[in-house]
């Protein structure tokens with residue numbers, strides 16, 4: 001079921017983060033400012049920060065400091081981004097929200 005969930009309204013394909021692990025999970029990362037979503041396949045012990053950096057690299061062609069963005073899981077900010085995804089509460093099919101830390105003015 002998670003494969004179908006991860007492909008809903010996501011970019012085609014899956015971004016592979018790190019070496020393929022036998023217990024790898026696929027999570028979604030959504031960036032509402034861009035109206036874009038991508039699926040990422042990674043090991044459960046991948047850090048939230050590594051996922052965040054990979055998503056930023058995929059979403060934004062110009063380098064952006066990771067401190068300007070927050071990762072949220074189930075509506076709550078992940079405060080310790082150095083922790084592994086599974087410790088943060090992610091499981092196969094989870095969706096992270098990647099958004100600016102501070103609201104930006106509408107132009």
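Rule-based calculations on the coordinates, nothing more; no lab input. Quick caveat, the model's predicted, so the values are computed rather than measured. Cβ placement follows ideal geometry from the backbone for every residue including glycine, while neighbour counts extend to all protein chains displayed.
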(request) Quick one: among 38, 60, 85, which has the greatest mean-square fluctuation in a GNM of the chain with alpha-carbon springs under 10 angstrom? (result) 60
(message) Suppose each label sits 7 Å from its Cα in the direction of the beta carbon; what would the residue 34-residue 49 distance come out to in nanometres?
(response) 2.1 nm
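Round to the nearest 0.05 the FRET efficiency obtained for residue 100 and residue 21 when R0 = 25 Å and r is the Cβ-Cβ distance. Before the final figure, lay out the partial values.
On the way: r = 31 Å, r/R0 = 1.24.
That pair, residue 100 with residue 21, gives E of 0.20.
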(message) To test your reading of the geometry: what angle, between 0 and 90 degrees and rounded to tens, separates the Cα axis of helix 48-59 from the longest principal axis of the chain?
(response) 70 degrees
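Given only helices, namely DSSP H runs of n ≥ 4 each adding -39500 (n - 2.57), what is the per-residue ellipticity at 222 nm of the chain, to the nearest 500 deg cm²/dmol? The partial results should precede the final answer.
Numbers: 3 runs with 22 residues, N = 107.
The helix-only estimate for the chain comes to -5500 deg cm²/dmol at 222 nm.
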(request) With an 8 Å cut-off on Cα pairs and a minimum separation of 6 or more residues, tell me the relative contact order of the chain in percent. (result) 31 percent
(message) Using Cα springs under 10 Å in a Gaussian network model of the chain, which residue among 30, 83, 64 shows the largest mean-square fluctuation?
(response) 64
(message) Given a Förster distance of 22 Å, report the FRET efficiency between residue 63 and residue 14 from their Cβ-Cβ distance, rounded to the nearest 0.05.
(response) 0.40
(request) Run a plain Debye calculation on the chain (Cα atoms as equal point scatterers, no solvent) and give log10 I(q)/I(0) at q = 0.11, 0.21 Å⁻¹, rounded to two decimals, same order as the q list. (result) -0.30, -1.15
